[in-house]
Amino acid sequence: MCSLEKWIREVDWRLIVACFQGLLTPVIAGIAVYIARQQWKTAAYRVKFDLYDRRIRVYERVREILGLMYTTVSDDARLHELLRDTRDAEFLFGSEIKNYIEEVFQRASALSSAHQHLREILNTAPPEQRRVLAEREQEQVQWAFAEARTIADRFKSALDVSKL
């Protein structure tokens, strides 16, 4: 008889099965821990993605209003949409961006008001009064044009994907 066959007959298979059953529990626990960790990481990435998504929407809305300031001018409904859509900016960015958005809104409102007033008095007011309103309007448009070039710098730190 071969030594392998002899060894197979002498081995206590119940003991080997019991050992493997004992090892199976830690293996299953390790797999469960790995799956839980992967789910936790996925949830953390999802939170970061949601935060980025909300921040980028605020950024796009502010850019849209700056664009409106040197194109459409007197669209007060759109200005109020900006205020509504960016209401939670302080919690997403902090007070600096919130203050900046308020400044954009105030300047856009001033531009809209000056434009509407200028349109109302265009044929009736003296040239000096029209010139003052036109200059006020032009000042706001120039500000919006300059801000449209630098807005990315203001939002860059909050929208930098590598820091999320």
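Overview of values
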read-out: Elements of type helices (runs of 4 or more DSSP H) contained in segment 35-149, each with 1 or more residues being at pLDDT below 80; value: 76-85, 95-120
read-out: Long-range neighbours under 7 Å by Cβ, at least six apart or interchain, first residue touching a residue at least 40 places away in the same chain (Cβ under 8 Å) and under 15 Å from LYS48 (Cβ atoms) within segment 139-164, second of a type in the set (A, V, I, L, M, F, W, C) and not in a helix (DSSP H, G or I); value: ALA158/PHE93
read-out: Subset of segment 74-104 (residues that are within 23 Å of the chain's Cα centre (by Cα), surrounded by 15 or more Cβ atoms within 10 Å (Cβ to Cβ) and more than 23 Å from LEU51 (Cα to Cα)); value: ARG78, LEU79
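The values are calculated or read from the model by the stated rules, or taken from the named source; none is laboratory data. These numbers come from a predicted model, not from an experiment. No Cβ is skipped: glycine too gets one built from the backbone with ideal geometry, and neighbour counts run over all protein chains shown.
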